[in-house]
Amino acid sequence: MQERSLHLLSVVAPMLDEEDVAREFHRRVSTALAGIPFELVIVDDGSTDRTPTILDELAEVDPRVRVVHLSRAFGHQMAITAGLDHARGDAVVMIDADLQDPPEVIPELLAAWEGGADVVVAKRRERPGETRFKLLTAKAFYSVMGRLAQIDLEPNAGDFRLLDRSALDALLQLRERSRFLRGMTSWVGYEQAVVEYDRDARHAGETKYPLRKMIRLAIDGVSSFSHFPLQIATVIGFWISAIAFLGLPLVIIARYSGIYDRGVPSVLFAVLFIGGFQLMTLGVIGEYIGRIYDEVKRRPLYIVKSTANVREHEHDVA
């Protein structure tokens, strides 16, 4: 690995209704990066509280704060993408603004980058403030992804990570709609390193990832990096057909030996079982077809409504 020198560090953070934490997040980032040349790119993902006003006020007093206001809520992964598109640094850090991922860890990520790592993943040791259910489902998700995905996904790591400019440029070439950034940053390759840290409880406000969104993100992750659901549906279909084919001689023998008993329940069971599996298979196929439909429409990933401290040519729709 070749050592590097930093000219500018970009810290990218999405925000959605974070009026209670926005100023504290700015303060802690500024304190943690004292003496380091940095810019703070904050993407307002269609907030409906005072978050946009607070961010514009921060941008007025601190030129290092660059704000991108999206025209509506496009989602967490799209908001991060918008921030990455506007980042100018030699190295770029993705971090959530709820202060569960402490900004004080950023210098550790930067040290690993200066040592030659292109992608530095922040891995959680402890996750206080999260329910047992969320911890169990997160563990199950990483276990499943590790077996299904065609990438090396670091267990117990979120979107908090640092990317070198070369790795970021490669990542920004991937303009797919169903975005799973932690998988995409692994997919692009490059030299990767891991920094472990203890996650904090949420500073204020409510989580922006309820169960529904967590399930959606998990489905996006599996479908983006694995065809296994389609393959397993095919395998199960073959097994059911084989069982039915092998059972056909038994039905014929039972019919002509006089032990055949006409039973509606058995027929209903067979019909419901096969019908249910067919619907499940159609649902899996529909998920993939829906993603194809989203891709061929070629709509922009997000639309920028306004900005602060961002140059005019960076107002692009992406």
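For the reader, a short list of remarks on this structure follows.
- Entirely in the stretch 4-111, the helices (runs of 4 or more DSSP H) that have 3 or more residues that are in the same structural domain as SER166 (by TED's automatic domain parsing) and more than 20 Å from the chain's Cα centre (by Cα): 22-32, 51-61
- Of note, LEU6 does not satisfy the criterion of being over 16 Å from SER306 (Cα atoms) and either crowded, with 23+ Cβ neighbours inside 10 Å or modelled with pLDDT of 90 or more (or both).
- Just one of the listed residues (LYS134, LYS123, LYS139) is basic (Lys, Arg), in contact with a strand residue (DSSP E or B) (Cβ under 6 Å, 6 or more places away or on another chain) and modelled with pLDDT under 90, namely LYS123.
The values are calculated or read from the model by the stated rules, or taken from the named source; none is laboratory data. This structure is a prediction, so every number in the text was calculated from the model and none was measured. All Cβ positions, even for glycine, are placed from backbone atoms using ideal geometry, and neighbour counts span all protein chains on display.
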